[in-house]
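The values are calculated or read from the model by the stated rules, or taken from the named source; none is laboratory data. Treat the numbers as computed from the prediction; the structure is a model and nothing was measured. With ideal geometry, Cβ positions are generated from the backbone for all residues, glycine too; neighbour counts draw on all protein chains shown. Only protein heavy atoms, including side chains, enter the accessible area calculation; ligands, DNA and RNA are left aside. Shrake-Rupley method; radii C 1.70, N 1.55, O 1.52, S 1.80 Å.
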Amino acid sequence: MPAITEFFVRPSDSLLSVLDRLQATGKGMVLLVDETGRLVRTVTDGDIRRRLLEGVGLDSAVEDIAPRTPVVAATGTPAARLIELMDERQIDHLPLVDAAGVPVELRLRREIAAPILLSTPHIGDAEMGYVEEAFRTNWIAPLGPNVDAFEQELADEVGVPHAAAVSSGTAAIHLALRLLDVGPGDEVFCSSLTFVASANPILYQGATPVFIDSSPDTWNMSPGALMRALDERAARGRLPKAVIVVSLYGQSADMDPILAACDAHGVPVVEDAAESLGATYRGRQSGSFGRLGIFSFNGNKIITTSGGGMLVSHDTALIERARYLSTQARQPAPHYEHTEVGYNYRMSNILAGIGRGQLQVLGERIASRRRIFDLYRDLLRDVPEVEWMPEAPYGRSNRWLTCATLRSIDRAELIARLAADRIEARPVWKPMHRQPLFVNADYYRHDHDVAGDLFDRGICLPSGSNMTDDQVERVTLAIRVALG
Ligand SMILES: *Cc1c(COP(=O)(O)O)cnc(C)c1O
């Protein structure tokens, strides 16, 4: 969007020079302002055309066009109201003016009518080719060449030898717990600050979750709280069957101390890397550290298959058993012999085709998400109210979502103000220890309740890799207006 002053024309300007301005700015209208900078009227292509048809020359002054009271709105008017105004007056652009009537911004219907969503799918050029191939060769089943290739390509990307493509990240976590023999009477530790999908599979297995707080410097599992929880459980002679470590919003948890603590007690780690595909920890890929790692390709994740997940491991036997359990635990007999309960969890060959295309642009998607984060930070660097989620020095975040905490203003209030501007922002995940579903679960704090505090003050801003710089700027302007 050109700067607002690029749209200004003066009363004495000729029609020809106004046409020049219209051409240079390309929005079909310019703003006629007087010597004090106040808006006199808007001038469109059509106004010039009518004037010329009246018989005046191109050198005639624009001020001779009949005056017309401009339709304007005050800065800070919510987008929904701007659209109402445009509908009422049947116009597609609206100058926003300050108290003195000076235009400070031009809003176009095309821009505000489109909501800015938190994180939308971003399809590349290659996905359709793989999907068409699947149709052409009639590989529509939950197995096929795209599934095999996607597993191999994802494993190579993450630096693990084995991967099983499944129907969702949740299914992958469920399989991981099943593979680790989690069952009724067992406890499973899990990061508290996460999406419920990290913890639901603990309940599927009839086990009991114990939640672990976050560190303020990473927002991920606090190694100190984990160590205390493990020591306490060990003293009672009741160690957890597994620890689910979440890498939140694209940043790896601090895996070295976490793995050391779990190894010391012989407890296996499941890495929930649903949000952190492509992030690194000390030079290695997030999701490659645990006994098992899981990824999600849900529609809002950094790459998507519309819905899907992946289970990865360094252990061949675990992944082979995962494939078996995820295809109804069918014994290799012609009549399908069954000796234990299984699931229908495999990924379809069509969706794996989407995944293969998406994986090719993972690097670009991470670069975009990181650029969006940097742009937010730069545009709001003079706003101390907003404190950004830290990037821990041990690795590189994929910045799946741009997240921040607010120092003093009410988080819900800001989200509502942004919603009125058709901008979707959300609170940071409500921690599991505060969910009614888990009221009775034990919770180990970092020192104070860090996860609870991050939830109370935390906000996730629109961060889709297909966002334009203009959209990021629109969000930051809306934040400034809301903060006053
Ligand atoms: C999205 C997500 C999941 C679940 O993945 P699905 O593919 O939606 O089942 C699990 N854990 C976390 C942290 C997630 O963000």
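What fraction of the Cα pairs in segment 303-394, stated in percent, has a spacing above 18 angstrom?
Result for the distance tail: 68 percent.
Tally Lys and Arg at +1 and Asp and Glu at -1 over the other residues with C-beta under 12 Å from the C-beta of residue 168: what net charge comes out?
+2
Report, by chain and number, residues whose modeled amide H sits under 5 Å from the one on residue 168, excluding near sequence neighbours (fewer than 5 apart, same chain).
309
Test of understanding: what is the full-extension gain from residue 23 to residue 378, defined as 0.36 nm times their sequence separation minus their Cα-Cα distance?
Difference between extended and current length: 124.7 nm.
Using a 7 Å offset from the Cα along the Cα-to-Cβ direction at both residue 35 and residue 336, what is the distance between the two label points in nm, to one decimal?
8.8 nm
Within 10 Å, count the other beta carbons around each residue, average over each peptide in 151-158, 246-253, 84-91, 413-420, and list them highest first.
Order by mean packing, descending: 246-253, 151-158, 413-420, 84-91.
Send over the Kirkwood Rh of segment 144-303, from the inverse of the averaged 1/r over different Cα pairs, rounded to one decimal Å.
Evaluated on segment 144-303, it is 15.7 Å.
Among the DSSP beta bridges whose two residues both lie in segment 174-246, what percent are antiparallel, rounded to the nearest 5?
So the antiparallel bridges in segment 174-246 amount to around 10 percent.
To the nearest whole percent, what portion of all C-alpha pairs in segment 331-484 is separated by more than 29 angstrom?
Cα-Cα pairs of segment 331-484 separated by over 29 Å account for 39 percent.
Using just the helices of the chain, give the 222 nm mean residue ellipticity in deg cm²/dmol: DSSP H runs with n ≥ 4 each add -39,500 (n - 2.57), and the total is spread over all residues, rounded to 500.
Taken over the chain, the calculation gives -11000 deg cm²/dmol.
Using the Karplus curve 6.51 cos²θ - 1.76 cosθ + 1.60 with θ = phi - 60°, work out ³J(HN,Hα) for each residue of segment 32-37 in order, rounded to whole Hz, and write x for Gly and Pro.
For segment 32-37, the Karplus curve yields 7, 10, 7, 5, 7, x Hz.
If you roll a 1.4 angstrom probe over the protein chains with everything in place, what fraction of the accessible area of the chain belongs to carbon and sulfur, to the nearest %?
Ligands and nucleic acids excluded, carbon and sulfur give 51 percent.
Cα centroid distance between segment 310-333 and segment 6-66, in Å?
About 71 Å separates the Cα centre of segment 310-333 from the one of segment 6-66.
At a threshold of 8 angstrom on Cα-Cα distance, excluding pairs fewer than six apart, so keeping six or more, what relative contact order does segment 87-160 reach in percent?
Reported as a whole number, the value is 15 percent.
With Kirkwood's inverse mean 1/r over C-alpha pairs for Rh, give me the Rg to Rh ratio of segment 383-433, two decimals please.
Here Rg/Rh amounts to 1.01.
Give me the Kirkwood hydrodynamic radius of segment 50-99 in Å, from all C-alpha pairs, to one decimal place?
After inverting the mean inverse Cα-Cα distance, the result is 13.2 Å.
If the chain between residue 113 and residue 52 were fully stretched, how many nm would it gain, using 0.36 nm times the residue separation less the Cα-Cα distance?
18.6 nm
Considering just Cα atoms, how many Å³ per residue does the convex hull of segment 1-154 enclose?
197 Å³
Can you tell me what the convex hull of the Cα atoms of segment 63-193 projects to on average, as an area in nm²?
Averaging across all directions leaves 17.7 nm² for the Cα convex hull.
How much area per residue is accessible in the chain when the probe is 1.4 Å and only protein heavy atoms are counted (Å²)?
Ligands and nucleic acids excluded, the figure is 42 Å² per residue.
On the principal axes of its Cα set, how long, how wide and how thick is segment 73-118? Give whole Å, largest value first.
Projected onto the principal axes, the Cα atoms of segment 73-118 cover 33, 26, 13 Å.
Using the C-alpha atoms of the chain, what convex hull volume per residue, in cubic angstrom, is computed?
Expressed per residue, the convex hull around the Cα atoms of the chain is 172 Å³.
Taking segment 169-213, how much of its Cα-Cα pair set, in percent, is spaced more than 15 angstrom apart?
33 percent
Run down the lysines and flag those whose C-alpha is under 23 Å from the C-alpha of residue 430, throwing out any fewer than 8 positions away in its chain.
Output for residue 430: 301.
Which cross-chain or sequence-distant (5 or more) residues have an amide H under 5 Å from the amide H of residue 421, H modelled 1.01 Å from N in plane?
Those lying under 5 Å, H to H, from residue 421 are 79.
Only bridges with both residues in the chain count here: give the DSSP antiparallel percent, nearest 5.
60 percent
Subtract the Cα-Cα distance of residue 447 and residue 238 from 0.36 nm times their separation in residues, and report this length gain in nm to one decimal.
72.9 nm
Between residue 100 and residue 135, how many nm apart are label points set 7 Å from Cα along the C-beta direction?
Using points 7 Å along Cα→Cβ, the separation is 6.0 nm.
Give the Rg/Rh ratio for segment 132-181, taking Rg as the radius of gyration of the Cα atoms and Rh as the Kirkwood radius, to two decimals.
Result: Rg/Rh = 1.05.
Under a point spin-label approximation (7 Å from Cα along Cα-to-Cβ), what is the residue 88-residue 152 distance to one decimal in nm?
Each label point lies 7 Å from its Cα, and together they span 6.4 nm.
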